[in-house]
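Report on the following structure.
Values in this text are rule-based calculations from the coordinates and carry no lab data. Because the structure is predicted, anything quoted here is derived from the model rather than measured. Quick reminder, even Gly has a Cβ in these numbers, built from the backbone with ideal geometry, and neighbours come from all protein chains shown.
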Amino acid sequence: VEIVDEAGSTNALVAERARGGADAGLVIVAEHQTAGRGRLDRSWEVPPRAALTFSVLVRPTVEPAAWPWLPLLTGYAVHAALADRAEGIGLKWPNDLLVDSPKGPLKLGGILVERVETPTGPAAVLGIGINVHQTQSELPIPEAVSLEQLVEGVPDRTELLSVILGSLDALMPLLEDTESLRRAYAGECLTLGKEVRVDVPAGEPVTGTAIDLDAGGRLVVQTASGEVAVGAGDVIHVR
Ligand code: BTN
């Protein structure tokens, strides 16, 4: 585990090290990211030392069909590490960490998994950002929350990092049994059963009820014109 004071993006740093031949298990934590990246080309901005921002290098040896499960597995492992710290923590498909609250769902953390081609084969960078110490005004959107707002006392980022890494290590074998992962993930997924609108990268938004995950980890939405499986997109929980 390497800790740097400042990085553009820990995902970019780990990807560069992966291309240079770094071994699986490399973890880079940044006290401050100046160009943090989110899903769907968004930025991820956090005041220095307020969040836990880090990336993990993995080199999965599973069949190609299991790769799309990596982001979901990462979310599932982070969820497993944090779920008992506060009421209502769950997963929004594919891998946001959410907390259900009377105000509606609040975002506690996000995950960006990126595939990298390296001289020794494909690798993946698991980028994880958890809101830890932010006050409401330091959060990027009103629909976000930090762990400190949910628990008694001041959370310790080092302890959190250690528990999340332990959880990732323990649960990574699930990548070889994606049906068990599918069932386990579905049990923690707040999206299932909700009325959703999914803004997909190309085409019209998909609206309906999120009913299941298919064998490839896609979200199955019951729409007025039948079931649609969505592989990527931004989900809005309508109800
Ligand atoms: C999202 O919610 O859209 C995903 C956010 C992922 C943020 C983390 S912070 C550590 C890692 N480095 C990055 O540049 N992004 C991820």
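Miscellaneous remarks
- Helical contribution to [θ] at 222 nm, DSSP H n ≥ 4, -39,500 (n - 2.57), averaged over the chain, rounded to 500: -6500 deg cm²/dmol
- Computed lengthening from D100 to E138, 0.36 nm per intervening residue step minus Cα-Cα distance: 11.7 nm
- The alpha-carbon of K194 sits under 20 angstrom from the alpha-carbons of these aspartates and glutamates, leaving out residues fewer than 8 places away in its chain: E87, D96, D100, E143, E204, D212, D214, E227, D234.
- Cα centroid of the stretch 129-161 to Cα centroid of the stretch 53-119, whole Å: 17 Å
- Convex hull projection area averaged over all views, the chain, Cα basis, nm²: 12.6 nm²
- Counting other Cβ atoms within 10 Å as a rough exposure proxy, the listed residues V132, V125 run V132, V125 from fewest neighbours to most.
- 10 Å-binned pair-distance histogram of the stretch 195-237 (Cα, whole percent): 34, 61, 5
- Count Lys and Arg as plus one, Asp and Glu as minus one, and take only other residues whose Cβ is under 15 Å from that of T178; the net charge is then -3.
- Local net charge near G226, Cβ-Cβ under 15 Å (Lys/Arg +1, Asp/Glu -1): -3
- Exposure proxy shown here: for T135, T178, the number of other Cβ atoms within 10 Å sets the order, fewest to most, as T135, T178.
- Simple spin-label estimate for T209 and V151 in nanometres, 7 Å along Cα-Cβ: 3.6 nm
- Each Lys or Arg adds one and each Asp or Glu subtracts one; over the other residues with Cβ under 15 Å from the Cβ of E117, this totals +2.
- Dipole size of the chain about its Cα centre, with +1 on Lys/Arg Cβ and -1 on Asp/Glu Cβ: approximately 320 debye, rounded to the nearest 20.
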